[in-house]
């Protein structure tokens, strides 16, 4: 498969601050690729460099085989960009927003009229077509921003934190739309700090922290490689948690103490819980769950994704 | 193929797509824009032109000011200042909105559109709206009998040149605003208002103390007013000064645009 994006030692510095630190990765045609990491990990900076609106400090970057520093407009003609913050034209209607954005790509009215209809259906905004953008809900604005990014039939759809700030219901509607695009074979590049978003939408992802890549693989492989199958979460009460950590440590593969709870990594959570209760310990609450990318991140960095 | 052709169109006509979007925005405000364009001259003509004019005319007698009725003297200055105000309004608000409030310039820039094209598009659209204002103003002045000569219609283009010069500088300055928009108030009170008052608008610049006259010399309004008076009632002015006024306004316009282009591109890629 050909790679649509390829970064070699890609670096961005602001004065002494290194936002992106010599990273390497490739995004192939048709895949959905994620950048997972907490705020400030350098995800948006990478997106803007790929989107040819921010110059890199050093390293190499090729987007669709071209250098974004030299061929900005030519590359941007093939990208659909969904920024972290909606930047729709709030005084224009839903339809007008799609239309003017299409015009920025030099697309004709003849092309845009059916395209806009198709996108309104896709974004489930047909009823809102003549409503001013300022009257839309957060989820609708997000869907419109995604529809807008698709107006030029881009080769790569880039989404920066697509569901941040949305309520769970709006988030699920959006995931459903993005999943549909993935099925259609659109190349997706997205950043997120939600592990479930990354697990649902990304075939392959890089886990980032402080401008560096900590790991790269499919979500399932990352979980297999870095953590056990299950996690047992125990709470003994915030001041008592630390008392039990040493005692519990021998019983499992790995243990993490968070401010409010203890995480025990094991391949069989229920059995471990029975054993612990059998040994005379009585946690206030206990929960057995499957390991997630959150656990991978914790393992790799010692910190939570959302702080 | 389709994409490739479309892309070539954008590199050539990108600014016009921005103009199209801006016009769509302005169209939402069409009644406010037209109402202001009519009320502004009518109110000025009634209060200053007729009201103060009757005092001035009574005092000056048959000679009037600069050899004409006060309203005739005042007309080109009002026309140019309306053009300046219109251009300022239409470059400052979209630019603040584009960079700060709605950040839609960043949306434009994530397409093949460049920073230069955004700046140029906003600028051309502002001048388009200004032209509507100027034509309405001119017609009202004509009806009021303040435009006696056959060359008076050319004053519209001189006014546009003043709006263009001021507008390009304001486009640049607004693109530099990072913090709050008190900037606009400051510009209005500390620059535009003084220039309006000291540019030979209400009386000849020469009747002011010499020490205050340089304010007029650096003001696009004064240069446009001098040219306007020459065109609307034959105000006496040397060929050299016509050249000076014209070159001053066009240079300012070009300088402002050049700086705006550079800063738009810089700010979008920060």
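Averaged over residues, the count of other Cβ atoms within 10 Å places the peptides A:2-8, A:277-283, A:79-85 in the sequence A:79-85, A:2-8, A:277-283, highest first. A simple packing score, the average count of other Cβ atoms within 10 Å per residue, orders the peptides B:258-267, A:293-302 as A:293-302, B:258-267, with the highest score first.
Applying Stokes-Einstein at 25 °C and 0.890 mPa s to the Kirkwood radius of region A:163-214, computed over alpha-carbon pairs, gives a translational diffusion coefficient of 204 µm² s⁻¹.
Each label point was placed 7 Å from the Cα along the Cα-to-Cβ direction; for residue B:35 and residue B:58 their separation is 3.5 nm.
Computed from the C-alpha gyration tensor, the three semi-axes of the ellipsoid equivalent to chain A are 41, 23, 16 Å, from longest to shortest.
Entry for region B:1-101 at q = 0.20 Å⁻¹: log10 I(q)/I(0) = -1.03, Debye formula applied to identical alpha-carbon scatterers, no solvent contribution.
For region A:3-218, DSSP calls about 55 percent of its internal beta bridges antiparallel.
Each 5 Å bin from zero up to the one holding the largest Cα-Cα distance in region B:27-71 carries the following percent of pairs: 6, 22, 19, 14, 12, 9, 8, 6, 4, 1. Annotation: the residues B:245, A:172, sorted from fewest to most other C-beta atoms within 10 Å of their own C-beta, follow the order A:172, B:245. In plain terms, the residue of B:108, B:208 with the fewest other Cβ atoms within 10 Å comes first and the most crowded comes last, giving B:208, B:108. Peptide B:264-270 shows a mean partner chain C-beta count of 2 within 10 Å per residue C-beta. For region A:230-275, compute Rh as the Kirkwood radius over C-alpha pairs and then the Stokes-Einstein diffusion coefficient at 37 °C and 0.692 mPa s; write the answer in µm²/s, rounded to an integer. Calculated translational D: 314 µm²/s. In the elastic network of chain A, a GNM with C-alpha springs shorter than 10 Å, the most mobile of A:253, A:16, A:176 is A:16.
Listing A:202, A:252 from fewest to most neighbouring C-beta atoms within 10 Å gives A:252, A:202.
When the alpha carbon gyration tensor of the protein assembly as shown is reduced to an equivalent ellipsoid, its three semi-axes come out at 63, 24, 21 angstrom, largest first. For peptide B:108-120, the mean count of partner chain Cβ atoms within 10 Å of a residue's Cβ comes to 6. From its DSSP helices (H runs of at least four residues, each -39,500 (n - 2.57)), the protein assembly as shown gives a residue-normalised ellipticity at 222 nm of -16500 deg cm²/dmol. Structural size metrics of region A:185-307, computed from C-alpha coordinates, are Rg and Dmax of 15.8, 54 Å.
Counting Cβ atoms of other protein chains within 10 Å of each Cβ in A:255-268 and taking the mean gives 0. Taking all Cα-Cα distances within region B:2-268, those exceeding 28 Å account for 37%. Taking 0.36 nm per residue of separation and subtracting the current Cα-Cα distance, fully stretching the chain between residue A:304 and residue A:85 would add 76.5 nm.
Throughout, read-outs are computed from the coordinates displayed, never taken from laboratory work. Because the structure is predicted, anything quoted here is derived from the model rather than measured. Cβ coordinates were reconstructed from backbone atoms using ideal geometry, including for glycine residues, and neighbour counts include every protein chain displayed.
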